[in-house]
Structures are given as structure tokens and as C-alpha cells.
């Protein structure tokens with residue numbers, strides 16, 4: 001068995017090459033594509049606040065239920081509070097799987113969830129984000145604060161630069177991201193980014209649209225050059 005990671009190639013073509021150069025016949029080839037359309041895990045970035053509007057918590061519960069029903073593993077920051085904890089509890093309540101990734105400095109009682117199927121403790125935030133990036137097949141931003149914005153902007157930038165081609169979604173509950181999206185339009189109109197980069201992300205107004213978009217996702221054809 002030959003494992004080729006991250007390559008989009010035709011298996012029959014590879015088989016011909018093996019026969020030609022290695023005299024291998026009747027080989028079994030398994031291809032693992034880094035940008036496969038088969039979604040198995042979803043990184044969710046969101047608030048850790050408990051005092052926000054209940055509409056956000058309802059959306060988090062609906063998301064967790066939908067993820068479990070689709071067998072999407074939750075990849076998240078491992079917290080038990082705010083929307084972070086609400087999504088995780090909902091996923092588990094509906095039979096889904098969760099992976100928490102927590103930096104050592106935040107590995108505290110009454111902060112870190114104890115319900116995850118897998119918990120990874122990292123030395124710092126950069127390692128935490130790298131693991132979440134690697135373990136996720138897609139990225140979703142529920143409403144959140146500075147940390148949520150920073151994490152979403154990082155995966156957007158990495159996609160713009162060609163480091164990945166995974167789906168990125170903003171779940172725009174209560175119009176939370178409206179002003180950010182206005183800022184994006186301002187960036188395009190002032191020519192700090194190409195309008196084609198609207199394809200980097202998708203904006204959903206409800207959980208059902210999130211699931212539909214992820215299920216049907218096709219990587220966009222982006223400009224060869226990231227600069228204007």
C-alpha cells in the first residue's frame with residue numbers, strides 16, 4: 001500500500017508509473033487528499049463569555065446538534081464556558097465527538113472542559129492554533145471577541161496565501177458580523193485586496209446554511225497573485 005498525502009493525482013496514472021519504474025503490479029493505492037471534500041472535523045472559534053445574549057447560545061446548541069448528526073468532530077479551544085462550552089456540550093449530548101486544545105497557562109479547574117474525547121495541552125497559543133489548523137477540515141467563526149477575530153483572520157490569511165483551501169464560514173447571528181463585513185467591502189473598494197477574495201469565506205445567517213455550505217463545498221479558483 002502506498003500513501004500519498006496532499007496530492008491530487010489519478011490513481012490509474014500512479015499505477016502505471018509504479019509498473020513502469022518499479023515493476024509493481026496489482027498494487028493497492030490509498031490517496032489521502034488534504035483538501036478532500038469529505039468533512040470530518042470542524043474547528044469552531046467563539047466567545048468564552050457567559051453574559052452575552054441567549055440567541056448566541058441557542059445558535060451554539062443548534063450547531064452542536066447539527067455537527068453530531070453529520071458526524072463532524074468538534075475541534076475547539078477546550079473551554080467549558082461561553083459559546084465554547086455550549087457547542088461542546090451540545091455535540092456530546094447528541095452523540096458527537098470533541099477535541100479540545102488548551103494552552104498550558106489556561107489549563108485551569110472550572111475553565112477546561114472534562115467531557116472531551118481527546119484533550120491536548122500545548123505549551124502556548126501558537127502551538128494550540130497550529131494543532132487546531134491541522135486537525136480541522138473547515139473553520140467556523142461564531143460570534144466572539146478579539147481571540148475569535150484573530151483566529152479567523154489567521155486562517156483567512158493562510159488561505160489567501162495558498163497554505164490551505166479549506167472552507168471558512170462566519171455564522172452571522174443577530175447581525176454580529178455586519179460591521180466587519182462592511183469593513184471587508186471597504187478594503188475591496190479601497191483596493192487593499194482583490195474583490196475575488198470574497199470567495200475566501202462564506203457568511204451564513206443560520207446553522208442549516210453552514211451545514212449545507214460545508215457539505216457542498218468546492219475550493220474556489222483564486223487569483224495566482226495575492227497582491228493587487
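Looking at the range 122-150 only, could you name the residues that are crowded, with 20+ Cβ neighbours inside 10 Å and under 21 Å from residue 222 (Cβ atoms)?
136, 137, 138, 139, 140, 141
Taking the range 166-191, which residues are farther than 25 Å from residue 47 by Cα and in contact (Cβ under 8 Å) with a residue 24 or more places away in the chain? It would help to see each step written out before you state the result.
Residues of the range 166-191 farther than 25 Å from residue 47 by Cα: 186-191.
Residue satisfying the conditions is 191 alone.
If you check every pair at least six apart or on different chains, which have Cβ atoms under 6 Å apart with a residue in the range 81-99 that is in contact (Cβ under 8 Å) with a residue 60 or more places away in the chain first and a residue that is buried (at least 23 other Cβ atoms within 10 Å of the Cβ) second?
Final answer for the pair search is 83/46; 83/47; 83/60; 83/142.
Is there a residue being in contact with a helix residue (DSSP H, G or I) (Cβ under 8 Å, 6 or more places away or on another chain), buried (at least 19 other Cβ atoms within 10 Å of the Cβ) and in a strand (DSSP E or B) anywhere in the range 47-56?
No.
Which condition number does residue 134 fail, the rest of (1) part of a helix (DSSP H, G or I); (2) in contact with a strand residue (DSSP E or B) (Cβ under 7 Å, 6 or more places away or on another chain) being met?
(2)
If you go through the range 184-221 one residue at a time, how many are within 16 Å of residue 157 (Cα to Cα) and not in a loop (DSSP other than H, G, I, E, B)?
10
With respect to residue 121, is the statement that it is more than 12 Å from residue 200 (Cβ to Cβ), within 12 Å of the chain's Cα centre (by Cα) and not in a loop (DSSP other than H, G, I, E, B) true?
Working: more than 12 Å from residue 200 (Cβ to Cβ): yes; within 12 Å of the chain's Cα centre (by Cα): no; not in a loop (DSSP other than H, G, I, E, B): yes.
Spelling it out, it is not the case that residue 121 is more than 12 Å from residue 200 (Cβ to Cβ), within 12 Å of the chain's Cα centre (by Cα) and not in a loop (DSSP other than H, G, I, E, B).
Which ones in the range 78-118 are over 15 Å from residue 45 (Cβ atoms), in a loop (DSSP other than H, G, I, E, B) and in contact with a strand residue (DSSP E or B) (Cβ under 8 Å, 6 or more places away or on another chain)?
80, 96, 97, 107, 111, 113, 115, 116, 117
Coordinate-derived values only; no laboratory data. All values derive from a computational prediction rather than experimental measurement. Here the Cβ is made from the backbone with ideal geometry for all residues, glycine too, and neighbour counts use every protein chain on show.
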